Amino acid sequence: VQLQASGGGLVQAGGSLRLSCAASGRTFSRYCMSWFRQAPGKEREFVAGMRWGGYSTHYAAFVEGRFTISRDNAKNTVYLQMNSLKPEDTAIYYCALDYGAAISDNRADYEYWGQGTQVTVSS
């Protein structure tokens, strides 16, 4: 399985970005795809996840309704729409895939990772 993340960039506080993560290779019908982020000097943390079979989603508390995870089945792609961005959202954002039954917020549960895309929010 290969994951290709894209869509990061520089945006002013209050702005929006949409991240994309395309999965290729041997993906099966039941898996979870999630977004994590890692800011300088901090641990990688869970942002949002979606279970492919069932459409259930899960968000970190700090998202506070600002981010939305969605998918395009035909493109095998998951998106993270980020609105009302804050400087503290600045980080490298990673997509990850897990074949577990439930959406996990533990990065150790994810078997496959994308290369990361930088998001920088200026104040």
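The values are calculated or read from the model by the stated rules, or taken from the named source; none is laboratory data. As the structure is a computational prediction, the values presented were derived from the model and not from experiment. Here the Cβ is made from the backbone with ideal geometry for all residues, glycine too, and neighbour counts use every protein chain on show. Accessible surface is based on the protein model in full, side chains and every heavy atom, while ligands, DNA and RNA are left aside. Shrake-Rupley method; radii C 1.70, N 1.55, O 1.52, S 1.80 Å.
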Cβ-Cβ under 7 Å pairs, at least 6 apart or on other chains, segment 70-98 side at pLDDT below 95, far side charged (D, E, K, R) and in a strand (DSSP E or B): T77/R71; V78/R71
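Output the residues belonging to segment 92-117 that are in contact with a Leu (Cβ under 9 Å, 6 or more places away or on another chain) and not in a loop (DSSP other than H, G, I, E, B). Don't jump to the end; show me each part of the working.
Start the filter on segment 92-117 by keeping residues that are in contact with a Leu (Cβ under 9 Å, 6 or more places away or on another chain), which leaves 93-97, 110-115, 117.
Listed by number, the residues that qualify are Y93, Y94, C95, A96, L97, Y112, W113, T117.
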Any chance R66 is modelled with pLDDT of 95 or more and either open to solvent by 30 Å² or more (accessible area, probe 1.4 Å) or within 18 Å of D109 (Cβ to Cβ) (or both): no
